[in-house]
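The values are calculated or read from the model by the stated rules, or taken from the named source; none is laboratory data. Note that the coordinates shown come from a computational prediction; the quantities given were computed from them, not determined experimentally. We place every Cβ from the backbone using ideal geometry, glycine too, and count neighbours over all the protein chains shown.
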Amino acid sequence: MRTLILVLLLAFFSFSAYAQNSSSPAPKLENSSAKTSQTDQQKIEQKIKKRVEELIKLINQEPNLLAINPKARVVKDPNWKPYTPDGRRNQDFRVVPDDSDPRISQALRINQNRQLWAEELVRIGAIAVPQIIEAVLDTGNKYRHYLVWALGEIKDLRAVPCLLHYYDEALAQEKLAKSLEKMGVPEEPQKLRQEAQLKRKYATEALKKISGKDFGDDYQKWEQWWKQTGSKIPGAKLKKPYEAKGAKPPSYKTLSPAPNSEQK
């Protein structure tokens, strides 16, 4: 009887030790799985950010049809000269591309493609917003209005200071156009006004979609709205957007009329 009891006790302690050893690695496996999941998530985010960067570059590219289409024809007057009498480059000619090449056909549809790329940014969503903001603040990007449109469709409040800055660029351009008119500079004021109108349009439409408000084409009301709204959002400040890393400050300055110019 005593022998039987000893055997049962040994069996009980052996089973307890086995159960403890077999269950101890479980937390390690859990931690390892969490680390793997986090690593995979980081890889996915990196791929998304890389695609956003590619889309922004595609939107702002300017295809050179002459460079990629050797069969393109330049049509100009027989007496055409490279410079006009006042010393400017003569732009009085047109390029007729050969659209039989698929690459050329795609380049000719560049505006449609830009819209498609902007729509892809919208589908990517909030994770793309910081990169889009940086691209909008870079005045070297010619087709920023597609990016502004995308910000309006994503409807992320983080984009508001950037949109106000873009809006303010339009106001600065209009002031510059007035100054150039007083100085007697031809053509340039009209071009500046056209660009300013485009910026006003896209900025106000994006602000309407994000805010749900409609202050029309009134920059001061939009700015006042954001000062009130942004203060209620944790981490949101109405700071100078061009202070963001990699962005540039506004390049437009209001010019004073030349001393001998005629005051109006």
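The table for this structure:
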item: Breaking point among (1) surrounded by 15 or more Cβ atoms within 10 Å (Cβ to Cβ); (2) modelled with pLDDT under 80, for Val52; result: (2)
item: Subset of the stretch 157-192 (residues that are among the charged types (D, E, K, R) and either part of a helix (DSSP H, G or I) or surrounded by 17 or more Cβ atoms within 10 Å (Cβ to Cβ) (or both)); result: Arg158, Asp168, Glu169, Glu174, Lys175, Lys178, Glu181, Lys182, Glu188, Lys191
item: Single residue of the stretch 66-122 satisfying the filter (of a type in the set (Gly, Ala, Ser) and at pLDDT 70 or above) that is farthest from Ala150 (Cα to Cα); result: Gly87
item: Those residues of the stretch 135-171 which are more than 20 Å from Pro189 (Cα to Cα) and either without any contact (Cβ under 8 Å) to a residue 12 or more places away in the chain or small (Gly, Ala, Ser) (or both), in sequence order; result: Ala135, Ala150, Gly152, Ala159
item: Residues of the stretch 131-152 classified as surrounded by fewer than 16 Cβ atoms within 10 Å (Cβ to Cβ) and part of a helix (DSSP H, G or I), total; result: 0
item: Matching residues in the stretch 208-227 - criterion: being touching an Asp or Glu at 6+ places or on another chain (Cβ under 9 Å), within 17 Å of Arg158 (Cβ to Cβ) and buried (at least 16 other Cβ atoms within 10 Å of the Cβ); result: Ile210, Glu223
item: The lone exception for Ile154 - which of (1) under 10 Å from the mean Cα position of the chain (by Cα); (2) under 24 Å from Asp217 (Cα atoms); (3) among the aliphatic types (A, V, I, L, M) it fails; result: (1)
